[in-house]
Amino acid sequence: TPAQTFSQYLRLLAGPEQLAESDLFTAASRAYLRRTPLSPAYRHFILMLEYGKAFQIVERADHAILYFTGTPFASPHLFVREEGGWRMDIGAELNATTEHVGGVYTWSIKTMDEPAIARFRELVVVVDGHARIQGGDNQPLPRRTAAAGGAARGRR
């Protein structure tokens, strides 16, 4: 199931194995991971970002989306059923979503042209100008304004 694949992914992140050698990923995802290996620190960052967080999975034929309902920080994962089971499609995730820094959201969907996300079009909602997943954890992050940041400096 996609949930089992996700659970195995979390275990892989915690271990020393190379992600690019795992059949948990599509062939294109493994090729990407070979070109862009993750450092142990970054793997642990992802693990802590996603481990133990509540999520939902929606399946459509041979495709699935996992989105988080227990953290606003983690972007969704996309899965495809291929021979031998469900695999994560990292390429589709990278094509469909974008990461943000310094705003009220840490990620958003950047295009519905990616076929893997287009299958779940009715789940996508626009929240404060950001395309997100309806029912996911879409709470905005608190932001410190320049005025507040300036006033806070010097106080202990």
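Regarding ALA151, is this residue modelled with pLDDT under 95, out of contact with any helix residue (DSSP H, G or I) (no Cβ under 8 Å at 6 or more places or on another chain) and either part of a helix (DSSP H, G or I) or within 28 Å of GLU59 (Cβ to Cβ) (or both)? Answer is yes for this residue. How many residues are of a type in the set (Lys, Arg) and open to solvent by 40 Å² or more (accessible area, probe 1.4 Å) if we restrict to segment 85-116? Final tally of qualifying residues: 1. Across segment 108-119, the number of residues qualifying as closer than 15 Å to ILE90 by Cα and in contact with a His (Cβ under 7 Å, 6 or more places away or on another chain) comes to 1. The single residue among ALA74, ALA31, ALA118, ALA64 that is within 12 Å of the chain's Cα centre (by Cα) and among the small types (Gly, Ala, Ser) turns out to be ALA74. Just to verify a result, which residue in segment 83-99, among those that are touching a residue at least 12 places away in the same chain (Cβ under 8 Å) and in a loop (DSSP other than H, G, I, E, B), is farthest from ALA28 (Cα to Cα)? So the residue we want is GLY84.
On the basis of being modelled with pLDDT of 95 or more and not basic (Lys, Arg), does LEU66 make the cut? Here the answer is yes, as LEU66 does meet what is asked. Of the residues making up segment 109-117, one or more are under 30 Å from THR145 (Cα atoms), out of contact with any strand residue (DSSP E or B) (no Cβ under 6 Å at 6 or more places or on another chain) and not in a helix (DSSP H, G or I).
Is there a residue in segment 117-129 that is at pLDDT 95 or above and open to solvent by less than 20 Å² (accessible area, probe 1.4 Å)? Yes: segment 117-129 contains one or more residues that are at pLDDT 95 or above and open to solvent by less than 20 Å² (accessible area, probe 1.4 Å).
The values are calculated or read from the model by the stated rules, or taken from the named source; none is laboratory data. Since the structure is predicted, the reported quantities are computational estimates derived from the model, not experimental observations. When we count neighbours, we look across all protein chains shown, and the Cβ atoms used for this are built from the backbone with ideal geometry, even at glycine. To get the accessible areas, we keep the full protein, side chains included, count just its heavy atoms, and leave off ligands, DNA and RNA. Shrake-Rupley method; radii C 1.70, N 1.55, O 1.52, S 1.80 Å.
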